[in-house]
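The values are calculated or read from the model by the stated rules, or taken from the named source; none is laboratory data. Computed from a predicted structure; not experimentally measured. For neighbour counting, all protein chains shown are included, and Cβ atoms are generated from backbone atoms with ideal geometry for every residue, glycine included.
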């Protein structure tokens, strides 16, 4: 069964208040949103990772609280002055494995690289981040998020 996913660039705002001891990013980061069922009433399994050049299919993340399904299709400000999100990549995936510290997906089908080049011109490094993500997702049959 194919499920939807979105990877979004989260530019943080002054209202984002997180416990730094928990390892949750408090700087700009990527939010990884995953459907785990086709039921739209359910929430999204959500992870955060640093913005980096990914060199392997294993990505260190922090699991966040589940988010609303609307984030699969959302670009814009996050309530409470917590910043803004911009979708970089959307698509479908199949769940390979899920455990207490691992979430593995594959094969992945990229629907689209969401943000247009003109939108990315206003985010200096967003274009490079999107290209890095696309390369990662196309090169590996399975992506493993560890937390």
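What's the number of the condition residue 111 fails, among (1) out of contact with any helix residue (DSSP H, G or I) (no Cβ under 7 Å at 6 or more places or on another chain); (2) modelled with pLDDT of 90 or more; (3) outside any loop (DSSP other than H, G, I, E, B); (4) surrounded by 13 or more Cβ atoms within 10 Å (Cβ to Cβ)?
So residue 111 meets the others, but not (4).
Among the residues of the range 35-53, count how many are more than 15 Å from residue 9 (Cα to Cα), touching a residue at least 40 places away in the same chain (Cβ under 8 Å) and buried (at least 18 other Cβ atoms within 10 Å of the Cβ).
Step one: of the range 35-53, the residues more than 15 Å from residue 9 (Cα to Cα) are 35-45.
From what's left, touching a residue at least 40 places away in the same chain (Cβ under 8 Å): 36, 45.
Still in the running and buried (at least 18 other Cβ atoms within 10 Å of the Cβ): 45.
The number of residues fulfilling the criteria is 1.
When you look at residue 66, is it modelled with pLDDT of 95 or more, crowded, with 17+ Cβ neighbours inside 10 Å, within 14 Å of the chain's Cα centre (by Cα) and not in a loop (DSSP other than H, G, I, E, B), yes or no? Quick ask: steps written out before the conclusion?
On the way: modelled with pLDDT of 95 or more: yes; crowded, with 17+ Cβ neighbours inside 10 Å: no; within 14 Å of the chain's Cα centre (by Cα): yes; not in a loop (DSSP other than H, G, I, E, B): yes.
Taking the combined requirement at face value, the residue does not satisfy it.
Inspect all residues belonging to the range 15-28 and state whether any of them is surrounded by 13 or more Cβ atoms within 10 Å (Cβ to Cβ), modelled with pLDDT of 90 or more and assigned to a strand (DSSP E or B).
No: the range 15-28 contains no residue that is surrounded by 13 or more Cβ atoms within 10 Å (Cβ to Cβ), modelled with pLDDT of 90 or more and assigned to a strand (DSSP E or B).
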